[in-house]
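To start, the structure under review is shown below, and the notes come after it.
The values are calculated or read from the model by the stated rules, or taken from the named source; none is laboratory data. None of these values were measured; they are calculated from a predicted model. Here Cβ is always computed from backbone atoms with ideal geometry, including for glycine, and neighbour counts include all displayed protein chains. Protein only, heavy atoms only, side chains kept; ligands, DNA and RNA dropped before computing areas. Shrake-Rupley method; radii C 1.70, N 1.55, O 1.52, S 1.80 Å.
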Amino acid sequence: MDLKSTNVSPVLTDPAVINKSRLGIHSSLLPYAQSGASFSSDMLTIPRKKPGKLDDVRSNGWLDAMKSSSPPSKKILKNCNVEVALDDSDVAYCSWMLSYPSALNSFEKIINRARNKKMVMFLDYDGTLSPIVDDPDRAFMSDEMRSAVMDVAKYIPTAIISGRSRDKVYDLVGLTELYYAGSHGMDIMCPVKDSVSANASNCIKFTDQQVFRTLVDKTNDIKGAKVESHKFCASVHYRNVDEKNWSTIAQIVHDILKDFPHLRLTHGRKVLEVRPVIDWNKGKAVEFLLESLGLCNSDDVLPIYIGDDTSDEDAFKVLREGNRGYGILVSSVPKDTKAFFSLRDTSEVKQFLKSLVRWKERSGLLKCNTKNDKEEY
Ligand SMILES: O=P(O)(O)OC[C@H]1O[C@H](O[C@H]2O[C@H](CO)[C@@H](O)[C@H](O)[C@H]2O)[C@H](O)[C@@H](O)[C@@H]1O
């Protein structure tokens with residue numbers, strides 16, 4: 001896999017680098033920076049786009065978003081055609097699948113479109129490669145999943161794009177042959193064989209210790225709350241917090257953010273994600289990687305992105321626009337999405353990856369046989 005620009009850290013490397021767009025990030029990609037944006041030596045400071053009224057987590061919708069962020073997964077019947085009694089949620093899921101068919105059932109369709117094209121695989125980590133668990137430090141992927149990803153990467157350039165820091169997700173996946181984009185795509189590294197350095201030394205620390213410490217200190221008394229630092233982002237988990245305390249934790253984060261106008265909040269699965277106010281997300285990371293790989297010509301390339309969370313929607317949107325590729329949402333409940341297809345859970349993700357490998361192996365063999373035939377005759 002050739003990466004034109006090695007050792008990349010597209011958004012938050014050296015301010016001088018950003019200004020000169022050396023890494024291909026045009027200043028127009030930073031709309032929030034139009035007026036008054038500035039970089040200090042260790043902190044990105046960009047004014048909030050529209051300083052909205054952020055006074056009450058009930059009235060601004062935070063609490064509703066928190067409640068709906070990660071519905072409990074439900075065992076769904078594999079085949080919606082079976083004649084057994086379905087409850088309302090099964091019926092809802094089956095009818096949702098008419099719009100977002102299973103990527104496994106649509107495998108032929110996907111590979112037909114991939115024929116004579118270069119595929120590129122983008123994978124989210126939590127909820128896609130590893131099942132959602134209560135303790136974020138124990139979200140391990142299985143060995144079987146790891147080897148499925150490794151096999152896919154032998155045939156298809158593969159990138160992991162995660163909300164976690166790049167180092168953490170690299171530690172969890174542990175495969176050197178992949179691209180890694182951490183902090184929701186803000187920190188990108190190409191395969192280790194191409195570039196050893198990860199650029200950590202001159203990265204701007206978005207979640208300077210002050211923000212992180214404040215989040216930790218102020219949520220310390222809330223049983224079950226956990227704060228993770230991801231270099232450019234921070235996550236405040238409430239999965240293990242009693243629901244009656246969700247408004248308290250939301251209010252705390254909300255009040256802290258008032259003092260840091262360069263930060264904003266997004267909602268993940270039972271997690272409040274604090275990140276910089278810049279126009280960069282997993283969708284931009286996908287575009288950046290495709291461009292860096294010299295694969296942004298949509299006629300010859302079929303990018304596929306598999307993810308389960310709200311932050312993955314930015315990538316689904318990029319692929320849907322202009323019909324560039326396929327987003328695949330991992331969900332066992334109906335969800336509003338810009339994806340094309342769906343997979344129920346991580347085990348179906350693994351099945352899908354293995355099917356791709358088998359297909360690639362078979363097409364390799366076929367090519368080989370055809371070549372030999374020609375040589376014989
Ligand atoms: O973009 P992702 O790789 O999906 O990262 C998003 C968040 O994932 C992790 O949290 C989620 O998974 C945890 C482990 O299963 C779970 O306990 C938590 O409730 C989920 O939100 C990660 O810990 C977060 O920092 C990421 O923001």
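Quick notes on this structure:
- Full-extension gain in nm, K109 to D56, via 0.36 nm per residue minus C-alpha separation: 14.3 nm
- Rounded Å value of the spacing that divides the Cα centres of the stretch 236-268 and the stretch 295-353: 28
- Pairs of Cα atoms nearer than 8 Å and 6+ residues apart set the relative contact order; for the stretch 209-276 it is 31 percent.
- Heavy-atom accessible surface of the stretch 294-339: percent carbon and sulfur, 1.4 Å: 42
- Contour excess over end-to-end distance, with Cα ends at L63 and D242 and 0.36 nm allotted per residue: 63.1 nm
- Heavy-atom surface analysis with a 1.4 Å probe gives the stretch 209-276 a carbon and sulfur content of 44 percent of its accessible area.
- The mean accessible area for residues of the stretch 288-352, using a 1.4 Å probe and ignoring ligands and nucleic acids, is 33 Å² per residue.
- Virtual spin-label span in nm between K154 and W96, 7 Å along Cα→Cβ: 3.6
- Average accessible surface for the stretch 209-276: 41 Å² per residue, computed with a 1.4 Å probe over protein heavy atoms with every protein chain in place.
- Peptides 275-285, 147-157, ordered by how many other C-beta atoms sit within 10 Å of their residues on average, highest first, read 275-285, 147-157.
- In terms of its C-alpha gyration tensor, the stretch 207-338 has a prolate overall shape, because the principal axis ratio a/c (a ≥ b ≥ c, square roots of the eigenvalues) is not below 1.5 and a/b outweighs b/c.
- Cα gyration tensor shape of the stretch 261-368, rounded if a/c is under 1.5, else prolate or oblate by comparing a/b with b/c: oblate
- Residues D336 and E177, FRET efficiency given R0 of 30 Å [Cβ-Cβ distance, rounded to 0.05]: 0.30
- Set the Cα radius of gyration of the stretch 209-276 against 2.2 N^0.38 Å, with N its number of residues, and you get 0.98.
- Pairs exceeding 31 Å between alpha-carbon atoms, taken from K67/K360; K168/K367; K118/K226; K258/K350; K270/K350: K67/K360; K168/K367; K118/K226; K258/K350.
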